[in-house]
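Structure record follows, encoded as structure tokens.
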Amino acid sequence: MCLAIPGQIVERSPDHPDLATVEVSRVRRVINVALLADEPLQPGDWVLIHVGFAMSLISEDAAREQLRLLAMLGEDEEAMRELDGLPATSADTP
Amino acid sequence: MGADLLSGVGRAVTAQRRETLRFRDAHVEMAHGAGGKATRQLVDGLIAPLLGLPREALVDAAIVHLGQEMVAFTGDSFVVRPLAFPGGSIGELAVNGTVNDLAVSGARPLGLLVTLIVEAGLATSVLEGEMRAIGAAAACAAVAVVGGDTKVVEHGKADGLYITTAGFGRVDPRFTLSSRLVQAGDRVIVSGPVGDHGITILLARGDVDLDADLRSDTRSVWPIVDTLGDAAAAGIRWMRDPTRGGIATVLNELARETGFTIAIDEASLPVREEVRGACELLGLDPLHIANEGQFVAVVSPDEADRALDALHGISGGELAAIIGEVRNDSGGGVLAVSPYGSARVVDMLVGDPLPRIC
Amino acid sequence: MKYVDDFRDPALIRQAAAEIRALADPSRRYRLMEVCGGHTHAIYRFALADLLPPNIELIHGPGCPVCVLPMGRLDDGLAVAEEHGAIFTTFGDVMRVPGRRGSPLERKSKGVDVRMVYSPLDALRIATREPDRHVIFFAIGFETTAPSTALTVLRARALGVTNFSVFCNHVTILPAVRAILESPDMRLDGFIGPGHVSTVIGCQPFSFVAREHRRPLVTSGFEPLDLLQAIVMILRQLRAGRADVENQYARVVPWDGNRAALRAIAEVFELRPYFEWRGLGFISQSALQIRDAYAGWDTERRFVVPGVRVADPKAAQCGEVLKGVLKPHECKLFGCECTPERPIGALMVSSEGACAAHYNYARRQESRREPVAVTLADTAAT
């Protein structure tokens, strides 16, 4: 379950504190941010969007840290060579 | 290449017995019209056998010898809601859709008949708008509307307006097109970004409440096909316009007809940012989304680069791309290969793609 | 797309795959279950199995809310809508799920006013725009989606909208995970935890997996790098003989979850004593119902609901596939009698169900066997 996509807050609704406009790859939608009422949500922040609601404030620091850890993986040459020998398609025979 | 029409009459007369028809559903459903597998089942399992249609007739246009001439005929119907949307309207779709069926069959479009089924109560201004749209699109595509018919049905039917067309064109001697000419190693080219039309319609319906600067890509592709013909006709094996069901459907049909595997390089697929965003938000795959102003061509490897350069040089072809190749491996079907080397099967959908939340 | 493309970086993916190969002990097999249907979908969409060594097997878990929805519940919802001329709204995922008299899409063509929505708030909006009609929102989903339904009910109350009700089929993930772990057939080495459910409930509730069952569980995001990194983390734990809950998806998932979301759920919902899960049978304390205070927005109390139970054909082996005992193509009906066009069992009806995902995305051989008619007449309906 749970198709949810990161989107950037572009504006908060002046009339409704629970509503904000987010943008995902130049597509905009008005979403409900009540679940993040405890966060100081501002335009420019990135949130996770699911069924028209913001579910979580995305942490840039945590994302960067994750990517840093990922960049350190797989420095074992042996394993890389083995991977390169893979065919591009899977023969997934029942 | 020309179909022998008269023997088809004989086949239709000796109609099939109901029990031997492969289509077993008790009712026709929406899915049967979506252009995917269910449509295939309806056509293959009921319509084609009862009409005595030869296998080759199940393409975009029928090619017929009339004396010395080879003429292409095509028919199509247009049902869209809403009737008007960013980038066009049903009238424009009707003209361009018909013209494009002819163009991808390698025929210069000449004219079309337009049949209207109008819902009683439709505002005259709407009908007027569509007639102007048809006229403008026909002029733009350099084709003549040579006749047609009009019917009015009760309020509650026809969603405002349905349009059916019959188009004809002259087979262009530069092109020799058939799926039988496709070979392993051939390249697959798409004329421009995919998914614009289908996502525009989805947004225009208002159900998903997304806002994006997107327009339908509806246009005649004949000028581009024409240019391609000048540059690389000898290398073009097969063309199709990926309307309902998208690229995935037409390439699956090709894979079925040839037995080859069509491998799409995902990173090469041209997709506008907005289409990508809408697809990610809604859980849709651009490969399955309808296009109304694009075509897919299979081109020999020697001519592929020349073909691509020609497309890039023409207005409206700047984003054309080589998106894949034909392979002779045992699996068949269509694969999408990721930038990191893994591959997934791209199947035809059963019905229209639906947004998901899971 | 920010936070998406970074986690689809081809070079990093290859590195992560190489690390997995280096970590996997060639002398043993690893069976890892991804609980969440969204992860199943991602695994197939990104063809991640291609990148794993052959001794790592991904088993698809029961976290597909459409798949586990009993057909009778859908029939009930449609029946109420039809009888009362109500507007039946639901997510796109449900539109093609077969009911006894057709899917919502098919019933639409037979006169039931069925409308797809992207958000429960859109269903509420329809109710405010059409005050003479009743709008039923047929709610599905795990804890990820329940807060949104809860907030929508609260908003309906705040607006004083009374022509709106929720037919609630929200289920909770922990009982399903427990059922998997307590099944005698269970042979799983580790779990890929549901990243978006955890956004709501946090990682802590899964600690019983590590404590009581000595299995690692790593809460994972949905991009290829997320899943691969989660697998790396599971393998590292297994190598070290550890069993802990870890959070791979830290950029999104707070360890303690989302308090506002949990408050909203607690305000509007309570646990049903038991609920039927298609393919798994009745599980206690595994689903949500609307509290008395909000009975006015509960379809099951506003209207009389038939309460039909529809059992799957005995030949369908959904339960075993759901628990990871069988792979989709090992079910006798897979690909022949049971296909996405003609789904018989739960896991074929949703594109993220294990069977549908396998059918749509993985290579398969065309079944040459003629399908044997399997109808619901073969089942007992009560």
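Does the range C:328-344 include one or more residues that are small (Gly, Ala, Ser) and touching a residue at least 60 places away in the same chain (Cβ under 8 Å)? No, there is no match, as no residue in the range C:328-344 is small (Gly, Ala, Ser) and touching a residue at least 60 places away in the same chain (Cβ under 8 Å). Any residue at all in the range C:201-213 that is open to solvent by 50 Å² or more (accessible area, probe 1.4 Å) and within 17 Å of A:LEU48 (Cα to Cα)? No, the conditions are met nowhere in the range C:201-213. Of the helices (runs of 4 or more DSSP H) that lie entirely inside the range C:1-117, those containing 1 or more residues that are closer than 30 Å to A:SER25 by Cβ and under 26 Å from the mean Cα position of the chain (by Cα) span C:37-45, C:104-108. For the range B:183-197, a tally of residues being more than 24 Å from B:ILE314 (Cβ to Cβ) and open to solvent by less than 40 Å² (accessible area, probe 1.4 Å) returns 1.
Inside the range C:6-41, residues that are more than 10 Å from chain A (Cβ to nearest Cβ) and open to solvent by 10 Å² or more (accessible area, probe 1.4 Å) make up a count of 8.
Of the residues in the range C:227-241, none is small (Gly, Ala, Ser), within 28 Å of C:VAL94 (Cα to Cα) and touching a strand residue (DSSP E or B) at 6+ places or on another chain (Cβ under 6 Å).
Residue-wise test of (1) at pLDDT below 90; (2) more than 8 Å from chain C (Cβ to nearest Cβ); (3) surrounded by 15 or more Cβ atoms within 10 Å (Cβ to Cβ); (4) on the phi < 0 side of the Ramachandran plot.
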residue	(1), (2), (3), (4)
A:SER56	no, no, yes, yes
A:SER59	no, no, yes, yes
A:ALA63	no, no, yes, yes
A:GLN66	no, no, yes, yes
A:MET80	yes, no, yes, yes
A:LEU83	yes, no, yes, yes
A:THR89	yes, no, yes, yes
A:THR93	yes, no, no, yes
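Quick one: is C:GLY102 small (Gly, Ala, Ser), more than 7 Å from every other protein chain (Cβ to nearest Cβ) and either closer than 25 Å to B:ASP209 by Cα or touching a residue at least 60 places away in the same chain (Cβ under 8 Å) (or both)? Break it down stepwise before answering.
Numbers: small (Gly, Ala, Ser): yes; more than 7 Å from every other protein chain (Cβ to nearest Cβ): yes; either closer than 25 Å to B:ASP209 by Cα or touching a residue at least 60 places away in the same chain (Cβ under 8 Å) (or both): no.
Judged against the criteria, C:GLY102 is not a match.
Close contacts from the range B:203-223, counting a first residue that is under 30 Å from B:VAL143 (Cα atoms) and a second that is open to solvent by 30 Å² or more (accessible area, probe 1.4 Å) and outside any helix (DSSP H, G or I), with Cβ to Cβ under 6 Å and a gap of 6+ residues or different chains, come to B:ALA204/B:PRO82; B:ARG215/B:PRO86. Set side by side, the residues B:ALA267, B:ALA263, B:ALA255, B:ALA248 differ, and just one is of a type in the set (Gly, Ala, Ser), in contact (Cβ under 8 Å) with a residue 60 or more places away in the chain and outside any helix (DSSP H, G or I), which is B:ALA263. None of B:SER125, B:SER77, B:SER89 is over 20 Å from the mean Cα position of the chain (by Cα) and either buried (at least 21 other Cβ atoms within 10 Å of the Cβ) or hydroxyl-bearing (Ser, Thr, Tyr) (or both) except B:SER125.
Taking the criterion of being over 19 Å from B:ALA321 (Cα atoms), among the small types (Gly, Ala, Ser), outside any loop (DSSP other than H, G, I, E, B) and open to solvent by less than 70 Å² (accessible area, probe 1.4 Å), would at least one residue in the range B:154-162 satisfy it? No; the residues of the range B:154-162 include none that is over 19 Å from B:ALA321 (Cα atoms), among the small types (Gly, Ala, Ser), outside any loop (DSSP other than H, G, I, E, B) and open to solvent by less than 70 Å² (accessible area, probe 1.4 Å). Each residue in the range B:311-320 was checked for being under 15 Å from B:ARG187 (Cα atoms) and surrounded by fewer than 20 Cβ atoms within 10 Å (Cβ to Cβ), and 0 pass.
Can you pull out every residue in the range C:75-103 that is at pLDDT 95 or above, in contact with a helix residue (DSSP H, G or I) (Cβ under 7 Å, 6 or more places away or on another chain) and not small (Gly, Ala, Ser)? Result: C:LEU78, C:VAL80, C:ILE87, C:PHE88, C:THR89, C:THR90. Considering the range C:315-325, the residues that are at pLDDT 85 or above and among the small types (Gly, Ala, Ser) include one that is most open to solvent (accessible area, probe 1.4 Å), namely C:ALA315.
From the list C:ASP226, C:ASP256, C:ASP312, which residue is modelled with pLDDT of 95 or more, in a loop (DSSP other than H, G, I, E, B) and either open to solvent by less than 20 Å² (accessible area, probe 1.4 Å) or among the charged types (D, E, K, R) (or both)? Please lay out each step first, then the result.
Details: C:ASP226 fails: in a loop (DSSP other than H, G, I, E, B); C:ASP312 fails: modelled with pLDDT of 95 or more.
Going through C:ASP226, C:ASP256, C:ASP312 in turn, the sole match is C:ASP256.
Results for (1) under 30 Å from C:LEU322 (Cα atoms); (2) open to solvent by less than 20 Å² (accessible area, probe 1.4 Å), shown as yes or no for each residue.
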| residue | (1), (2) |
| --- | --- |
| C:GLY92 | yes, yes |
| C:PRO98 | yes, no |
| C:ARG101 | yes, no |
| C:ARG107 | yes, yes |
| C:PHE137 | yes, yes |
| C:THR145 | yes, yes |
| C:VAL153 | no, yes |
| C:VAL166 | yes, yes |
| C:GLU182 | yes, no |
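Once the range A:1-33 is narrowed to residues that are polar (S, T, N, Q) and assigned to a loop (DSSP other than H, G, I, E, B), the residue that is farthest from B:CYS358 (Cα to Cα) is A:SER13.
Within the range C:326-352, which residues are closer than 20 Å to C:ALA311 by Cβ, open to solvent by less than 10 Å² (accessible area, probe 1.4 Å) and within 11 Å of chain A (Cβ to nearest Cβ)?
Step one: filter the range C:326-352 for residues closer than 20 Å to C:ALA311 by Cβ, giving C:326, C:331-334, C:337-338, C:342-350.
Applying the additional criterion that residues be open to solvent by less than 10 Å² (accessible area, probe 1.4 Å) yields C:345-348, C:350.
The one that is closer than 20 Å to C:ALA311 by Cβ, open to solvent by less than 10 Å² (accessible area, probe 1.4 Å) and within 11 Å of chain A (Cβ to nearest Cβ): C:SER350.
Would you say B:ARG276 is modelled with pLDDT of 95 or more, within 13 Å of another protein chain (Cβ to nearest Cβ), open to solvent by 20 Å² or more (accessible area, probe 1.4 Å) and more than 23 Å from B:ASP329 (Cβ to Cβ)? In short, yes.
If you go through the range A:34-53 and pick out every residue that is in contact (Cβ under 8 Å) with a residue 24 or more places away in the chain and either part of a strand (DSSP E or B) or within 24 Å of C:ASP93 (Cα to Cα) (or both), you end up with 5. Only a single item in (1) in a strand (DSSP E or B); (2) touching an Asp or Glu at 6+ places or on another chain (Cβ under 8 Å); (3) at pLDDT 95 or above is not met by B:ASP76, and it is number (3).
The condition of being modelled with pLDDT of 95 or more and crowded, with 23+ Cβ neighbours inside 10 Å does not hold for C:LEU69. When you check B:LEU281 against the structure, is it in contact with a Lys or Arg (Cβ under 9 Å, 6 or more places away or on another chain) and either part of a strand (DSSP E or B) or open to solvent by less than 20 Å² (accessible area, probe 1.4 Å) (or both), yes or no? For B:LEU281, the condition - in contact with a Lys or Arg (Cβ under 9 Å, 6 or more places away or on another chain) and either part of a strand (DSSP E or B) or open to solvent by less than 20 Å² (accessible area, probe 1.4 Å) (or both) - is met.
Condition first: of a type in the set (Asp, Glu) and crowded, with 18+ Cβ neighbours inside 10 Å. Can you find one or more residues in the range B:224-237 that meet it?
In the first step, residues of the range B:224-237 are kept if they are of a type in the set (Asp, Glu); the result is B:226, B:230.
Restricting the remaining residues to those that are crowded, with 18+ Cβ neighbours inside 10 Å gives none.
No - not one qualifying residue is present in the range B:224-237.
The values are calculated or read from the model by the stated rules, or taken from the named source; none is laboratory data. Not measured: the values here are computed from a predicted model. Positions of Cβ are backbone-derived with ideal geometry, glycine not excepted, and every protein chain shown enters the neighbour counts. Areas reflect the complete protein model, heavy atoms only, side chains present, ligands, DNA and RNA absent. Shrake-Rupley method; radii C 1.70, N 1.55, O 1.52, S 1.80 Å.
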